[in-house]
Amino acid sequence: MTIMLERPHASLRERVADFLFDEAEIADAHRYEDWLGLWGQDAFYWMPCNDDDIDPDMHVALIHEDRMGLEDRIRRLSSGFAHTQQPRSRISRVISHIRCGELEEGLVEVRSVFNLTAFRRDRFEIFAGRQIHVLRPVENRFEIVRKTVYLVNNDGYMSNMTFLI
Amino acid sequence: MNPMRGIDVDRLVQPDRVHSHVYTDLTIFEEEIERIFTQGWIFVGHEGEIPVPGDFRQRTMARQPVIFVRDQHGGVQLLMNRCTHRANAVCHLERGNQPAFTCPYHGWRFKLDGELAVVPFAERFPEDFDRSALGLRSVPRVEAHRGFVFASLNPDVCPLKDHLGPLVMQELDDIADLSPEGGIDVTAGYHRLRYAGNWKLQVENAIDGYHANFTHRTHMDNVRFRTGFDPAPLTSSAAPARIHALGNGHCRWDSSSLNKSGTRAFPGKTPDPGAWEIYLDAMIAAHGKERTDYLLSKQGSHLYIFPNFSYTGAHFRLFQPVAPDETRVTLFPFLLKGAPREVNRKRLRVHETFFGPAGGGQSDDLEIFERNQVGLGASLDPWSLLTRGVHLEQQEADGSVSNQITDELSNRTIWAKWKQMMGEGAMA
Ligand SMILES: [Fe+2]
């Protein structure tokens, strides 16, 4: 995707920042249904594997999910039988460097970075990377149309990563 | 061979149980690295990963750094990643394509087949300096079947075909023949995992039919929710599916009698009928109707090759022991040459649903391995049981021994092979 970001509009930037902070808070708290509620029906969640610049179709991803896949993920995590999140990880994430620009059809592209610390069973783990959200204004809020997460270690040997990123 | 350093293999591995120390003890682990991963055959990769001269991947064998590379003549090489001058690693990228390997320390340059091509300022070496004897060291034994490459650091190891045996070679044929062109494409990337547990926990799990309904309950619930089809009976004690011991510790999980394409048939994850039709026609043209039916009936089947290879339909795996309680696993989801793009695309989507660090199935396996390593620390009763189905084994016409899918024949045959390799004076 090669989109020239326009000069950020101050109030738009504040609104998308609030949205990302809300999303972060919801994900950190494992509020699964609330998190699912942030996504549009045409959602696409993509977390590439091995490299940032890969073909989403023909290269394996860490996460490659449409709305149905997200619902299945949330149903599983909510069930109490997803062993990998029993007990749940304790998470705190910081979102920063938020920049945004308007796309066609009223969509907003938001670029940001994150740094996430997770603690579970006496082990700290760090996840970091950049993320690109494509948001759609709906009434007086946003919904996520597309989210892409580029982990700095997406080519490394990884432990489970089954909380919400 | 090394002395056994006081390891009593007969006590640790009994016909009906194994002792915790086989998963936790550092001395035993070091002996495994020597006897199993150095003296024996191990899986190292697939030729389809490195289709073009100069393509390379970094790998390890028995924790040693090797380069898996397609050389300038089109051959597959396994070279020690160590400059013959002063031991610097000559390759520092995980993968890529290069015309040669140049040591960054003093500029020695090696051709893709390991030959030493350039020594800067060579006139200062003494007269007996023999450049031709200073190529990158080749792993002494490298052999392949249908593109699956196995190697050994032991020059005297038996031929690969004797290690695999005819039944395993047929299984590898059946994987490769899922392609109408008889070859698989391994350029779709990897999932790379680590867990804090012993490597043999992954080995045993790779061919464990008993765990599916419990470890993967959430996955089964999702399949049931989405399709109305309950996959749990396919891995219950009433299922007609079988585990087969194929010799030398190798095993097959055979669910072909169920004629189901696995348990992961989520809506939207199977190819459109049109693309599937094209694939089927190409398969029948290549292999005939009868063999095509057989090959496709095996899509839910698994294969394990001792010590570090497994196959589960959408991908194959390489296991890499790091420490008694640290293991790395690489998953190679693969594409079928000659199949429509749509068929291959959906193969990847099916794989991602269950596998990988963020998938909805394998992540629970890794969690179970780590909990297993915790449990193994309890010493009052240090035994793991292997008895399920021991009285119900069947001799099959093809020479294999079989057991029901939830039975522990696989564990027993894997441990018998382990014991043979780890026993006093054993040779690979
Ligand atoms: Fe499993």
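The values are calculated or read from the model by the stated rules, or taken from the named source; none is laboratory data. This is a predicted model, so every value here is computed, not measured. Methodologically, a virtual Cβ is constructed for each residue, glycine included, from the backbone with ideal geometry; neighbour enumeration extends over all protein chains shown. Protein only, heavy atoms only, side chains kept; ligands, DNA and RNA dropped before computing areas. Shrake-Rupley method; radii C 1.70, N 1.55, O 1.52, S 1.80 Å.
Counting only alpha carbon atoms, the long axis of helix B:160-176 and the longest principal axis of chain B meet at about 60°. Solvent exposure of B:CYS158, expressed as accessible area, is near 40 Å², computed with a probe of 1.4 Å over the protein chains only. Comparing B:PRO240, B:PHE56, B:TRP415 along the charge dipole axis of chain B, the residue lying farthest to the positive side is B:PHE56, per the Cβ-charge model.
What number, in percent, do you get for the relative contact order of segment B:171-250 if the mean sequence gap of Cα pairs under 8 Å and at least 6 apart is divided by its residue count?
On the way: 27 pairs, mean separation 13.1, N = 80.
The normalised contact order for segment B:171-250 reaches 16 percent.
With all protein chains kept in place, the per residue accessible area of segment B:177-423 amounts to 35 square angstrom at a probe of 1.4 angstrom.
Hey, what did chain B get for relative contact order, percent, Cα under 8 Å, at least 6 apart? Before the final figure, lay out each step's value.
Values: 855 pairs, mean separation 92.5, N = 428.
Reported relative contact order: 22 percent.
Other residues lying with their Cβ under 13 Å from the Cβ of A:VAL149 contribute a combined charge of +2, Lys and Arg counting +1, Asp and Glu -1.
Partner lysines whose Cα lies under 22 Å from the Cα of A:LYS147, excluding those fewer than 8 positions away in the same chain, are identified as B:LYS269, B:LYS346.
Set the Förster distance to 35 Å, then compute FRET efficiency between B:MET169 and B:LEU392 from the Cβ-Cβ distance, nearest 0.05. Between B:MET169 and B:LEU392 the formula returns 0.80. Comparing each chain alone with all protein chains together (probe 1.4 Å, DNA, RNA and ligands left out), the residues of segment A:61-93 losing at least 50 Å² of accessible area are A:LEU62, A:HIS64, A:MET68, A:ASP72, A:ARG75, A:ARG76, A:PHE81, A:HIS83.
Using a Förster radius of 30 Å, what is the FRET efficiency between B:ARG17 and B:TYR294 based on their Cβ-Cβ separation? Nearest 0.05, please. Kindly include the intermediate steps, with their values, before the conclusion.
Numbers: r = 37 Å, r/R0 = 1.24.
E between B:ARG17 and B:TYR294, to the nearest 0.05, is 0.20.
How large is the dipole of chain B about the Cα centre if only Lys and Arg carry +1 and Asp and Glu carry -1, each at its Cβ, rounded to the nearest 20 debye?
On the way: 46 positive and 53 negative charges, 188 e Å.
So the dipole magnitude of chain B works out to roughly 900 debye.
A simple charge model with +1 on the Cβ of Lys and Arg, -1 on the Cβ of Asp and Glu and nothing else charged puts the dipole of segment A:61-160 at about 540 debye relative to its Cα centre. Accessible surface calculations at 1.4 Å, restricted to protein heavy atoms, place segment A:12-151 at 45 Å² per residue.
With a 1.4 angstrom probe, the accessible area lost at the B-A interface totals about 3500 Å². Which of the residues in segment A:134-162 show a loss of at least 50 Å² in accessible area from their chain by itself to the complete set of protein chains, at a probe of 1.4 Å? So the qualifying set is A:ASP155, A:TYR157, A:MET158, A:ASN160. For segment B:292-349 versus segment B:105-179, the inter-centroid distance based on Cα atoms is 24 Å. Here the label points at B:LYS337 and B:ARG224, each 7 Å from Cα along the C-beta direction, are separated by 4.3 nm in the simple model. Between B:ALA151, A:TYR150, B:VAL76, the Cα set farthest toward the positive side of the dipole of the protein assembly as shown (charges on each charged residue's Cβ, about the Cα centre) is that of A:TYR150.
In segment A:1-153, the portion of solvent-accessible area held by carbon and sulfur atoms comes to 49 percent [1.4 Å probe, whole percent, DNA, RNA and ligands not counted].
Just to be sure I understand the interface: list residues from segment A:20-51 that lose 30 Å² or more of accessible area between the chain on its own and the complete protein assembly, 1.4 Å probe. Listed by number, the residues meeting the 30 Å² cut-off are A:ASN50.
Taken along the Cα-to-beta-carbon direction at a fixed 7 Å, the label points for B:HIS211 and B:HIS92 span 3.8 nm. With θ taken as phi - 60° and the Karplus curve 6.51 cos²θ - 1.76 cosθ + 1.60 applied, the whole-hertz 3J(HN,Hα) list for segment B:185-195 is 10, 10, 10, 9, x, 9, 9, 10, 10, 9, 9 Hz, x standing for glycine and proline.
Once you compute Rg and the Kirkwood Rh from C-alpha atoms, what is the Rg to Rh ratio for the protein assembly as shown? Write down the numbers at each step before the final one.
Details: Rg = 25.4 Å, Rh = 25.9 Å.
Across the protein assembly as shown, the Cα-based Rg/Rh ratio is 0.98.
Under a no-solvent Debye model with one identical scatterer per Cα of segment B:311-396, what's log10 I(q)/I(0) at q = 0.14, 0.22, 0.24 Å⁻¹? So the normalised log intensities are -0.75, -1.08, -1.15.
The angle between the Cα long axis of helix B:362-375 and the main principal axis of chain B comes to about 80°, on a 0 to 90 degree scale.
Listed by chain and number, the aspartates and glutamates placed with their C-alpha closer than 17 angstrom to that of B:LYS111 are B:ASP55, B:ASP71, B:ASP130; residues fewer than eight positions away on the same chain are left out. The value of relative contact order for segment B:288-428, using C-alpha pairs under 8 Å at least six residues apart, is 10 percent. In this structure the amide hydrogen of B:ARG17, modeled in the peptide plane, comes within under 5 Å of the amide hydrogens of B:LEU386, none closer than 5 places in sequence on its chain. Taking Cα atoms only, the orientation of helix B:273-287 departs from the longest principal axis of chain B by about 70 degrees. Once neighbouring chains are kept in place and the probe is 1.4 Å, which whole percent of the accessible area of segment B:42-145 is contributed by carbon and sulfur? The computed percentage sits at 49. Measuring nothing but protein heavy atoms, the accessible surface of segment B:177-423 at 1.4 Å probe radius is 54 percent carbon and sulfur.
Of all aspartates and glutamates in the structure, the ones whose alpha carbon falls short of 12 Å from that of B:LYS161, not counting any fewer than 8 places away in one chain, are B:GLU143. Remark on B:HIS145: its backbone amide H falls under 5 Å from those of B:PHE150, a criterion applied only to residues 5 or more positions apart or on other chains, H modelled at 1.01 Å from N.
Only Lys, Arg, Asp and Glu count, each charged at its Cβ (+1, +1, -1, -1), so figure out the dipole size of the protein assembly as shown about its Cα centre, rounded to 20 debye. Before the final figure, lay out each step's value.
Working: 67 positive and 81 negative charges, 126 e Å.
Around 600 debye, computed over the protein assembly as shown.
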